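For reference, the structure is listed below as C-alpha cells.
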Amino acid sequence: MRIGVIGAGRGGGTLRRRLALESEHTVTFGIRHEPDQQLREFIDTSGGAARAASPAEAARGADVIVIATPWKETRDAVQKLGDLSGKILIDATNPLKPGLTGLDVPPDSSAAEQIASWAPGARVVKAFNTTGFNVMANPAFPEGPAAMFYCGDDAAAKSTVCDLIVELGFDPVDAGPLARARALEAMALLWVTLAMTTDLGRGIAFRLARRQSAT
C-alpha cells in the first residue's frame with residue numbers, strides 16, 4: 001500500500017518512520033522544503049520504502065494519507081493537496097488551544113469533521129491522535145499494548161486503518177462514527193495534560209480493560 005504522510009512534527013515523523021521501516025508499505029513524506037540531512041539519510045537507508053515529495057505529490061500517489069500537521073496549518077495543508085475523493089484520509093491532528101485550555105473547534109464538531117468538510121469525497125478516519133510520539137515509537141507496556149482508538153463513517157476505510165494500527169503494535173478500539181472524534185480529541189487533551197503537567201510524565205498510555213461476560 002502507498003502511504004503519504006503530511007506533517008513534519010515529531011508525532012507524524014515517528015509514525016512515518018515506523019510505517020516505512022516496519023511494514024511492507026511504501027511511504028512518501030510530504031514536505032514543503034528540501035529534506036534535511038537526517039531525513040535524507042533515513043530515506044537513503046530505507047531500502048526504497050521511503051521517499052520525499054511535495055505534499056500534493058505525496059497525496060496524489062497515495063492510497064492512504066496521514067494528516068499530522070499542527071492544527072492551525074491543517075486547513076491550508078488539506079486544501080492544497082488537491083482532489084482527495086475516494087482516498088483514505090487519517091486525521092492524526094489535535095486542535096488544542098494554547099495553554100491546554102480546551103479544544104479549538106466548535107462544541108458540536110471536531111478536527112476530523114472539519115477536515116472531512118475541507119476534503120469532500122475523502123474517507124476520513126480519526127486515529128493516531130490519543131498518545132505521544134514516544135508511545136507511537138513503542139506502544140508496548142507491561143500491562144499489554146497501548147490502545148489506539150479510531151472512528152469513521154466508512155467501514156472499509158476503518159478496516160484498513162485498523163490493520164495499520166495492529167501492524168504498529170497497538171490494541172485497536174473502534175470508537176464508532178466520525179462524530180466520536182470529539183471524544184478522541186478530548187482524550188488527547190487529557191493525555192497531553194497528564195503527560196506535560198503532572199508527575200506521570202510521557203511514559204503513559206490509555207488501555208481498554210475487557211471483562212469476559214459470564215455465559
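The values are calculated or read from the model by the stated rules, or taken from the named source; none is laboratory data. Since this is a predicted model, take the numbers as computed values, not measurements. Ideal geometry is used to build each Cβ from the backbone, glycine not excepted, and the neighbour counts take in all protein chains shown. Heads up: the accessible areas ignore ligands, DNA and RNA and are worked out on the full protein's heavy atoms, side chains in. Shrake-Rupley method; radii C 1.70, N 1.55, O 1.52, S 1.80 Å.
Laid out as a table, the results:
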{"read-out": "Alpha-carbon Debye profile of region 1-133, log10 I(q)/I(0) at 0.11, 0.12 Å⁻¹", "value": "-0.36, -0.43"}
{"read-out": "Listed residues ALA147, PHE133, SER117: farthest to the positive end of the dipole of region 83-189 (Cβ charges)", "value": "SER117"}
{"read-out": "For the chain: accessible area per residue (Å², 1.4 Å)", "value": "49 Å²"}
{"read-out": "Accessible-area composition of the chain, carbon plus sulfur, in percent [1.4 Å probe]", "value": "52 percent"}
{"read-out": "Column: log10 I(q)/I(0), Debye, Cα scatterers of region 147-215, q = 0.11, 0.12, 0.25 Å⁻¹", "value": "-0.34, -0.40, -1.13"}
{"read-out": "Excluding exposed DSSP-loop GluC sites (Glu not before Pro) (at most 12 other C-beta within 10 Å), longest clean stretch of the chain", "value": "25-142"}
{"read-out": "Among VAL166, VAL27, VAL66: highest mean-square fluctuation, GNM of the chain, C-alpha pairs under 10 Å", "value": "VAL166"}
{"read-out": "Antiparallel content of DSSP bridges confined to the chain, in %, to 5", "value": "15 percent"}
{"read-out": "222 nm mean residue ellipticity, helices alone, for the chain (DSSP H n ≥ 4; -39,500 (n - 2.57); rounded to 500)", "value": "-10500 deg cm²/dmol"}
